[in-house]
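Undergrad: This is the structure, below, for whatever I ask next.
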Amino acid sequence: MNSPKHTGSHFLLSAKARTVSVAQIARLSDEDAFETFKQIRWAFTDGEPICPHCGSIECWSFKARRIFKCKSCEKQFSVTSGTIFAGRKLAIRDYLLAIALFVNAHKGISALQLSRDLGVQYKTAFVLAHKLREAIGAEVQSRQLEGEVEVDGAYFGGYVKPKNWKENRVDRRLRRNQNGKRRCVFVIRERDGRTVPVVISSENTASVHAAMAGNIRPGSIVHADENSAYDAMHGLYDMMRINHSEVYSDGVACTNGAEGWFSRLRRAEIGQHHHIAGKYLHAYANEMAFREDHRRQDNGSVLCDVLKRALWHPTSRNWSGYWQGNKQLGEVIIQA
């Protein structure tokens, strides 16, 4: 008997999903990469430089170096001045290659792998990856969702290793036996739309209310499970509840979209990063939200989108000079 033929394939397996490759980026000259940066950063002037200090469009260029000088304020600047790549040490092509590697890694890419692929130190790759997460995270967190929305929470980190001897083991689910590093990622996801993750202290009524009030428009239809933390939300939203002990979807209410997103985040944690510290959890959650929302776009479009957000994002206060002593990065968490 002949096996049935597949009528279609997953989008990521199709030719439409592959419009750029790492090999194509690696073959570019640094001049080609420089022109690409110019066209994307100054897209509104067709690649003509705009002074980041005073906004003037009248600038001189230099043949010996790829820098510009403003005719108005007479300050010099480069194509990466005032961006997430400000103070760069690598060649421009290497940054374009790093973005291509970052985009093509469907479940995320570890800093160790990125450092080996680029031939740079681990510290360089670590900061570079987090700068990209900061740039795309700003776009993720600038949304307010509406329509039909699914919400759910899942806990990450804070693993407590069980004792060797059985008689010394304790119930690690109890708060007194935990190490205080466990965090809850609360995800808000539109049906066939966008995703916004929020790191909260725990999935309690106060934290859930604060996260939902800041990210969901009033009057939206919210799908949630039977957690008692959502009981108080019935007065604010049209709540649809699903009891997972009986069914995952009853044809009306379900949170399968939110659960599916948690699967992506957990696979990134287990398969790529192995461990995510609490103060970085929001960055990885934003990255996975961006990847999930752009999963049906070809990788060339996503690469241009990430590069655009990186060149339009201001210089990072958290990651500039991180290994030189700038340790001001704080944990982004809703305490309630």
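Undergrad: Just to be sure I understand the filter: pairs with C-beta atoms under 8 Å, separated by 6 or more residues or on different chains, first member in the stretch 244-258 and closer than 16 Å to SER228 by Cα, second member open to solvent by 70 Å² or more (accessible area, probe 1.4 Å) and not hydrophobic (A, V, I, L, M, F, W, C). Which pairs pass?
TA: What qualifies is HIS244/GLU226; SER245/GLU226.
Undergrad: Which residue pairs have Cβ atoms closer than 9 Å, lie 6 or more positions apart in sequence or on different chains, and pair a first residue in the stretch 24-46 that is within 13 Å of SER78 (Cα to Cα) with a second residue that is open to solvent by 70 Å² or more (accessible area, probe 1.4 Å) and assigned to a helix (DSSP H, G or I)?
TA: Note: pairs meeting the criteria are PHE34/ARG93; ARG41/TRP312.
Undergrad: Across the stretch 1-35, what is the number of residues that are open to solvent by 40 Å² or more (accessible area, probe 1.4 Å), modelled with pLDDT of 90 or more and farther than 17 Å from ASN104 by Cβ?
TA: 5
Undergrad: Report every pair of residues separated by at least 6 positions or lying on different chains whose Cβ atoms are under 8 Å apart, first residue within the stretch 296-318 and crowded, with 19+ Cβ neighbours inside 10 Å, second of a type outside the set (Val, Ile, Thr) and assigned to a loop (DSSP other than H, G, I, E, B).
TA: Listed pairs, sorted by first residue: ASN299/ARG18; VAL302/HIS294; ALA310/PHE85; LEU311/PHE85.
The values are calculated or read from the model by the stated rules, or taken from the named source; none is laboratory data. None of these values were measured; they are calculated from a predicted model. For neighbour counting, all protein chains shown are included, and Cβ atoms are generated from backbone atoms with ideal geometry for every residue, glycine included. Surface areas here come from the heavy atoms of the whole protein model, side chains and all, with no ligands, DNA or RNA. Shrake-Rupley method; radii C 1.70, N 1.55, O 1.52, S 1.80 Å.
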